[in-house]
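K.L.:
Following this message is one structure expressed as structure tokens.
Where a number appears in this text, it was derived from the coordinates with a stated rule and is not lab data. As the structure is a prediction and not an experimental result, all values here were calculated from the model. Reconstructed Cβ throughout: ideal geometry from the backbone, glycine too, with neighbour counts over all protein chains shown.
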Amino acid sequence: MSGEDHHDHDHDHHAHSDHDHSDHDHSDVPSDVALRAKALFSLLADKGIVDPDGVDRIVEAYEHRVGPHLGAKVVARAWVDEGYRQRLLADGTAAVQELGIGGWRDGSRLVAVENRADVHNVVVCTLCSCYPLPLLGVPPVWYKSAPYRSRVVMDPRGVLAEFGTEVDPGVEVRVWDSNSEVRYLVLPERPAGTEGMSEEDLAALVGRNAMIGVERVTVAAGDVTA
Ligand code: FE
């Protein structure tokens with residue numbers, strides 16, 4: 001266990017593209033795998049090879065300290081700082097490192113894709129659950145579900161509509177398939193009426209789903225500063 005991206009398994013989606021996955025479902029851990037993991041963990045702990053407290057700390061970090069608030073900081077910075085926005089779109093891994101966000105597994109990198117008036121981006125991992133963990137924490141259950149993974153590719157507008165995100169027919173929808181080498185962050189559009197807001201207040205508007213691309217960032221009328 002590397003401690004980073006530890007829930008992911010290594011795979012290359014391209015190498016597996018001709019592989020039939022219909023006989024098993026990556027979104028659910030089979031109970032025998034869970035039992036084997038438990039048995040292995042107990043054995044390693046008994047032999048003093050792994051420290052159960054250390055493992056707990058890693059789990060705690062991904063459940064609490066690492067979360068969408070980190071991605072939201074990146075988005076807010078890109079909204080207020082044009083130079084940062086350009087660096088983020090040019091090299092996502094380096095740009096988030098500027099804000100102290102690292103932890104990408106060797107060989108994996110972050111690509112930021114920007115929503116514009118004419119383009120809406122949405123992220124999926126069609127084979128399993130590859131996700132930008134250092135930026136967004138643990139993926140939501142629906143992201144790992146077989147229906148989302150298959151349907152967002154076949155009918156992205158329909159899936160987006162189910163999240164309450166209607167995309168105009170004139171707007172191009174781009175679906176990005178994550179893999180072990182590339183993780184994606186959607187840079188949402190900054191909502192109108194937020195020109196006077198601080199970077200910190202802007203970050204508070206940015207939710208996880210907007211950074212996956214299934215929702216837009218919205219602002220309540222009361223939050224808009226004149
Ligand atoms: Fe995956």
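K.L.:
Are any residues in the stretch 36-53 surrounded by 11 or more Cβ atoms within 10 Å (Cβ to Cβ) and in a helix (DSSP H, G or I), and if so, which ones?
P.N.:
Of everything in the stretch 36-53, those that are surrounded by 11 or more Cβ atoms within 10 Å (Cβ to Cβ) and in a helix (DSSP H, G or I) turn out to be R36, A37, L40, F41, S42, L43, L44, A45, P52.
K.L.:
Only residues that are outside any strand (DSSP E or B), more than 16 Å from the ligand (Cβ to nearest atom), touching a Leu at 6+ places or on another chain (Cβ under 9 Å) and touching a residue at least 60 places away in the same chain (Cβ under 8 Å): list them for the stretch 100-119, please.
P.N.:
G103, N115
K.L.:
If I ask for residues that are under 22 Å from V167 (Cα atoms) and more than 15 Å from the ligand (Cβ to nearest atom), which ones from the stretch 120-141 would you list?
P.N.:
Scanning the stretch 120-141 gives H120, N121, V122.
K.L.:
Can we say Q97 is among the polar types (S, T, N, Q), farther than 27 Å from V167 by Cα and either surrounded by 14 or more Cβ atoms within 10 Å (Cβ to Cβ) or more than 16 Å from the ligand (Cβ to nearest atom) (or both)?
P.N.:
Judged against the criteria, Q97 is a match.
K.L.:
Also: Here is a list: V182, V152, V122. Which entry is in contact with a Leu (Cβ under 9 Å, 6 or more places away or on another chain), surrounded by 16 or more Cβ atoms within 10 Å (Cβ to Cβ) and over 21 Å from A72 (Cα atoms)?
P.N.:
Selected residue: V152, the only one of V182, V152, V122 that is in contact with a Leu (Cβ under 9 Å, 6 or more places away or on another chain), surrounded by 16 or more Cβ atoms within 10 Å (Cβ to Cβ) and over 21 Å from A72 (Cα atoms).
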